[in-house]
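Each remark here refers to the structure printed beneath this line.
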Amino acid sequence: MNIVPIDNAAPAPGSMLEHALRYAAIGWHVFPVWGGADEKCKCRRMCKSPGKHPVEHIVPRGQDDATTDPAKIRRWWAQMPDAGIGCVMRPSGLVAIDIDPRNGGFESIDEIEVRHGPLASDVMQFTQAGGEHRLFKLAADLNISLPGKLGKGIDVKRNGYIVLAPTKGVAGTYDWEGSSDPTDGNIPSPLPDWLRGLSQNHQDQAVETTVASRHVTEAQVGELRDALAVLSSDDRDRWVSFGMALRPLGQVGFDLWAEWSKRSEKFDPVDQIRVWRSFRPGRVNYESIFFAAQEAGWINPLSAGAPPPAVPFESVILPLQPTITTAPAHLLNPPGMLGQIVQWIEATSRKPQPQFSVQAAIAFCATVMGRRYCTSQRNWPSLYLLNIGKSASGKEHGKWAVEKLLDACGLGHLIGPSSYTSNSGVLSALMTKPSHLTVIDEFGKVLEAASIKNSARANSALTALMEVWARCDGTMRPQGYSTFGMSSQDAAKMEKRQVINPALTLLGMTTPETFFDTIGSAAARDGFLNRIIIVESDIGRQAGQAARTSPIPDTVIEWAKTTHRHDGLADPDINATLAAVPRMVGIRDDAQAAFDAFERECLALMDAHDEHGMAEMFGRCNETAMKLSLIVAVACNWQAITAEHATWSIDYVRHYSLRTVERLKTSVADSEFEAVKKQVLALIRNAGPSGMTERELNKSSRKLSCLDQRGQMNVLNSLAFIGDISRINMSGPSGRGKPRTAWIAINGDKSPTDVSPIITPCLRAFQH
């Protein structure tokens, strides 16, 4: 047997060897496959898997020879430099969802995602035939049952292998989607829980279930068919637009689109399938078809044309108006040292924002306490806080105040970076400063980078921040750092990178437009927003007062220095690899009873908000309240958390959680059309019995005013069609003067701002 000598020189940039070594460096087990040339397998034989089967004379055991050993990999590709790259799933800790469009894979995946939620990963590869490999993490030694198929055209690969980019197959080249190349630091997402242990029969049944019933009734399908009948399918722009509108309806939508498309002489069934597969559900609303048909003379029996006729005011049923508005007075006057700090912040502000001042005071106290305190139940003081206010409203003063306070107390070294660009950035900052405060001026931009721009690095930073929040009582470790090419000494140092009891307090600021226009409905479910106390100011833009100066009270400085002292030999702010030795703060029985009651209330709130997709927003409220109560107790110089500390903290978290959820329900949308609808509906509802004319809506809604007249009528007609608003004749707000025609909210039982089922306990608590 001829032994090929190992060449340890750096591989040629872009070579298959370089790619194979990079995959091996992140723990993926690879082996050579034939690949394709001239639309044929390079093996030049009649083979069952052209271009994808192992190179037998190099790896006689096929995928069983796969390895991460650089020496073996160099020897293999020295024999066949242009060989493709195969990767075995299980030993690599991976599961691949293989979507084959030739067998209906895209249609099946859409139906699966409607039923179970998104099946997306941060690492996805386009296959040679136009399909997808979505890769998920799953420990190699984890013994669970997975189905071999999820439906037509969708295979689940755990025990087999896939071909990796940039292998050239017989039908095309494998390529990573966008910025999802795993060798650039992108990590496959965890395998969704619903997929673990799913039986074959169960899933087959799920896939075969039609999704149309989730969106439209049979009557609406008939109305859509009637509406399409009056419209021409010759115009390609309209044809594509209507296809996108029907895409969320799955097979029912495709059938309607195809039936309508066949009326055109330009109909091409191959092109239609190709274009249909390029659509993604949820971006365009099918109601746009009704509006176009109405303009062509079609009369919808439910909406009765555009605009609907005005009805008398007496005939409408007004919705219940939300009652949670401004913050109760006691939440703006926190007890103990927190209250003194709030007073100083307000005294030095040109544009006072009491709500933001409370948030800044909490951030300061949390930073001072850092790794030095925890409750008897291991709750630590680190909190994430976000202030949302309009530009020129005074939201920036909180940042100045916190940094000024820390500097005056000799604790300026606790101020950390102004943002994080990646998960490694978060870890590096904590390695240097295991206890610190980060103030992010435009937090909305951070969310935008992670969600809209789909930046893997920005997404990894948010993922790391989520982990830090939960690791206060544990250890933060790096994620998948590669030691390839490092010396053994440097590699050993990398292995020791960890932070025990990380104490990161975050204070963010942003505007309502940036924040609510950026996040989508998934943001309420992904586990990050529910870690943040979000406060949207009740005060808008303000004219600045004369600059004021006020010395920091000596009592504040003394409290900070006393609270921050450490009795041990090692400063807990310096050494991240040493466990903190905190001072324990007990929880009195009456305080614990309050937390137990609040936890039950949060569970009820989660049940009440399941249908809105907002349940997870209440999932960490009780834990957050316990963290906050620790800060309140220490700020009051108590050795234990009392019922008073617990009640104030619960009231604070409850109030802002409810406000945030109601705001999300009325503001967050997954398409621009839905965003305009929600903004307009909120304005009309807030107007109450007076309603709003179209002129008033244009003055109040920036989103609506940016649309042409046709677009504006589409928005209003859509809301009228689903029964949220009605066009009515009524007198002016004073009851005198010329009658006006306005839009008014109706059907109060459907109102997303109807919070009566959930605010009752909140209001009871405020009355004590």
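The values are calculated or read from the model by the stated rules, or taken from the named source; none is laboratory data. Bear in mind that the values here come from a model prediction, so they are computed numbers and not experimental data. Here the Cβ is made from the backbone with ideal geometry for all residues, glycine too, and neighbour counts use every protein chain on show.
A few comments on the model shown:
- Flag: Leu405 does not match the condition of being part of a helix (DSSP H, G or I) and modelled with pLDDT under 90.
- Complete set of residues in segment 375-416 that are farther than 23 Å from Pro582 by Cβ, touching a strand residue (DSSP E or B) at 6+ places or on another chain (Cβ under 9 Å) and touching a residue at least 12 places away in the same chain (Cβ under 8 Å): Leu386, Asn387, Ile388, Gly389, Lys395, Glu396, Gly398, Lys399, Glu403
- For segment 379-386, the count of residues that are more than 23 Å from Ile574 (Cβ to Cβ) and part of a helix (DSSP H, G or I) is zero.
- Test: Glu39 is surrounded by fewer than 19 Cβ atoms within 10 Å (Cβ to Cβ), free of Cβ contacts under 8 Å to residues at least 12 places away in the same chain and either basic (Lys, Arg) or assigned by TED's automatic domain parsing to the domain that holds Ile162 (or both): no
- Residue among Pro54, Pro32, Pro50 that is closer than 25 Å to Gly148 by Cβ and surrounded by 21 or more Cβ atoms within 10 Å (Cβ to Cβ): Pro54
Yes or no, residue by residue, for (1) out of contact with any Lys or Arg (no Cβ under 6 Å at 6 or more places or on another chain); (2) assigned by TED's automatic domain parsing to the domain that holds His564; (3) modelled with pLDDT of 85 or more:
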residue: Lys433; (1), (2), (3): yes, yes, yes
residue: Val439; (1), (2), (3): no, yes, yes
residue: Ala470; (1), (2), (3): yes, yes, no
residue: Asp526; (1), (2), (3): yes, yes, no
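Matching residues to (1) buried (at least 18 other Cβ atoms within 10 Å of the Cβ); (2) within 19 Å of Phe515 (Cα to Cα); (3) at pLDDT 75 or above:
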position	(1), (2), (3)
Val661	yes, yes, yes
Leu697	yes, no, yes
Ser701	yes, yes, yes
Leu704	yes, yes, yes
Phe721	yes, no, no
Ser726	yes, no, yes
Met730	yes, no, no
His768	no, no, no
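- Hits in segment 574-596 - residues which are of a type in the set (Gly, Ala, Ser) and free of Cβ contacts under 8 Å to residues at least 60 places away in the same chain: Ala591, Ala593, Ala594
- Given (1) within 24 Å of Gly474 (Cα to Cα); (2) part of a loop (DSSP other than H, G, I, E, B); (3) more than 28 Å from the chain's Cα centre (by Cα), index of the condition Gly410 fails: (1)
- Condition broken by Val585, with the remaining ones in (1) touching a helix residue (DSSP H, G or I) at 6+ places or on another chain (Cβ under 9 Å); (2) of a type in the set (Val, Ile, Thr); (3) over 20 Å from Leu630 (Cα atoms) satisfied: (3)
- Residue match in segment 114-121 (condition: touching a Lys or Arg at 6+ places or on another chain (Cβ under 7 Å), assigned to a strand (DSSP E or B), within 23 Å of Ile187 (Cα to Cα) and not charged (D, E, K, R)): no
- Hey, Ser667 crowded, with 21+ Cβ neighbours inside 10 Å and of a type in the set (Gly, Ala, Ser) or not: no
- Unique match (being assigned to a loop (DSSP other than H, G, I, E, B) and either modelled with pLDDT of 85 or more or of a type in the set (Val, Ile, Thr) (or both)) among Thr210, Thr183: Thr210
- Looking only at segment 176-195, residues that are among the hydroxyl-bearing types (Ser, Thr, Tyr) and under 14 Å from Arg22 (Cβ atoms) come to 1 in all.
- Qualifying positions in segment 78-97 - surrounded by fewer than 21 Cβ atoms within 10 Å (Cβ to Cβ) and touching a residue at least 60 places away in the same chain (Cβ under 8 Å): Ala78, Gln79, Pro81, Asp82, Arg90, Pro91, Gly93
- When residues of segment 326-374 are limited to those that are under 29 Å from the mean Cα position of the chain (by Cα) and of a type in the set (Ser, Thr, Tyr), the one nearest to His564 (Cα to Cα): Thr367
- Scanning segment 60-77 for residues that are surrounded by fewer than 21 Cβ atoms within 10 Å (Cβ to Cβ) and either of a type in the set (A, V, I, L, M) or not assigned by TED's automatic domain parsing to the domain that holds Gln125 (or both) returns a single hit, Ala71.
- Checking each residue in segment 635-652 for being surrounded by fewer than 24 Cβ atoms within 10 Å (Cβ to Cβ) and farther than 20 Å from Arg583 by Cβ picks out Ala643, Glu644, Thr647, Trp648, Asp651.
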